[in-house]
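Here's the structure we're looking at; comments come further down.
The values are calculated or read from the model by the stated rules, or taken from the named source; none is laboratory data. Model, not experiment: these values are computed from the prediction. As a convention, Cβ positions derive from the backbone with ideal geometry for all residues, glycine included, and neighbour counts pool all protein chains shown.
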Amino acid sequence: MQTPSSESELAELIAGAEAPLSIFGGGTRGMEVAGERVSISAMSGITLYEPGAMTVVAQAGTPVAQIEEALAAQNQRLAFEPMDHRVMLGTTGMPTIGGVMAANVSGPRRISVGAARDFLLGVRFVDGTGRVVKNGGRVMKNVTGYDLVKLMAGAHGTLGVLSEVSLKVLPRPETEATLLLHGLSDEAAVKALARALGSPFEVTAAAHDPQEGITMLRVEGFAQSVGYRVQELKALLGGEITVEEDATARWAAWRDCEGFAGEDEDIWRVSCKPSDGPALVARAGVRGARYDWAGGLIWICAAAGHDLRAALGAYDGHATLVRGTGQVRFEPEAPGVARISDGLRARFDPRGLLNAGLMA
């Protein structure tokens, strides 16, 4: 295994490679492919942090926990609350900020603040020829040239290997509260979540757990505002509702899908229109499902080898196999999108070295 400790070492390694490379950070998502293993975990450290400007720059191998600790000391945070896959997947290692950005890993707060890619201000990466590329900067105004910043988020290292990222961060709220709606069916829960999100009461997370029979809504901000919004949401939604003043642990467990830990079944991540969610779960014929993003994201636990895509049929969305073997991990792209993807890979990785076949 190769462990370059600097961007120049990484560039030299890729330029001299004669066979495919399996690129990874902390190895917590279990998505390695065939090829010589290359870990960027040694390229670590926060290179710049400006709390007043709410920006942080870090090498791609920097542990997410290290960045979160530095931000917490200044009462700031990564607002997109990236998921930690280790519990659900049974993996080890430390999640890295490069891995988070390469996979665009976004948690429950995505519905209110945006995805991980929306906080990515700038990137440095090494493409498949060994060339170092820089795009973006440390301010949101920097939109000159091609938007490689957004392109690299979600490419899973197939277009280039991130060496450094610049991020926007946000202040931590003064307080939070979570409303727990009890006993709703999947259909009623999704409607309630949509109604809450359509209100002016600034919900920052909206989820439904059919197994526990609990529908969750989180509000954050100044204490007086949170108290007001909680009461307004209770009046708006009606029914049996309890309130947790501090549900941090609940949301962390939910974000990381701890309810699926230790299971032998396949785990799928399904993106869809929220209103389609309950019908899709019914068609799936599976044991367990969890609705996040007000129903726009569904985590599904299915029997090993179950062809979920065939069971779901045609719908507006896509399914990704997060844990399991023997099936295509990513949803096959439409012909037009596939042509664009192939063109991008030919441009940035003409020799097909970087995580070859990972997204095929």
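Would you confirm whether any residue within segment 16-26 is farther than 24 Å from Ala253 by Cα, in the same structural domain as Leu151 (by TED's automatic domain parsing) and charged (D, E, K, R)?
Yes, there is a match, as at least one residue in segment 16-26 is farther than 24 Å from Ala253 by Cα, in the same structural domain as Leu151 (by TED's automatic domain parsing) and charged (D, E, K, R).
Determine whether Gly313 is outside the structural domain of Arg195 (by TED's automatic domain parsing), in contact with a helix residue (DSSP H, G or I) (Cβ under 7 Å, 6 or more places away or on another chain), surrounded by fewer than 19 Cβ atoms within 10 Å (Cβ to Cβ) and modelled with pLDDT of 90 or more.
yes
Pick from segment 13-39 the residues that are at pLDDT 95 or above and touching a helix residue (DSSP H, G or I) at 6+ places or on another chain (Cβ under 8 Å): which of them is farthest from Val105 (Cα to Cα)?
Leu21
When you check Thr129 against the structure, is it more than 17 Å from the chain's Cα centre (by Cα), modelled with pLDDT under 95 and more than 30 Å from Val219 (Cα to Cα), yes or no?
No; evaluated as a whole, the condition is false for this residue.
Which one of these is under 30 Å from Leu159 (Cβ atoms), surrounded by 21 or more Cβ atoms within 10 Å (Cβ to Cβ) and without any contact (Cβ under 8 Å) to a residue 40 or more places away in the chain: Ile340, Ile298?
One residue alone meets the criteria, Ile298.
For the condition more than 24 Å from the chain's Cα centre (by Cα) and small (Gly, Ala, Ser), what is the one hit in Gly262, Gly198, Gly221, Gly227?
Just one listed residue meets the conditions, Gly227.
Conditions tested, residue by residue: (1) touching a Phe, Trp or Tyr at 6+ places or on another chain (Cβ under 8 Å); (2) more than 23 Å from Lys134 (Cβ to Cβ); (3) surrounded by 14 or more Cβ atoms within 10 Å (Cβ to Cβ).
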| position | (1), (2), (3) |
| --- | --- |
| Pro4 | no, no, yes |
| Glu7 | no, no, yes |
| Leu13 | no, no, yes |
| Ala19 | no, yes, no |
| Val38 | yes, no, yes |
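Please go through segment 272-288 and pick out each residue that is at pLDDT 95 or above, within 19 Å of Gly259 (Cα to Cα) and assigned to a strand (DSSP E or B).
none
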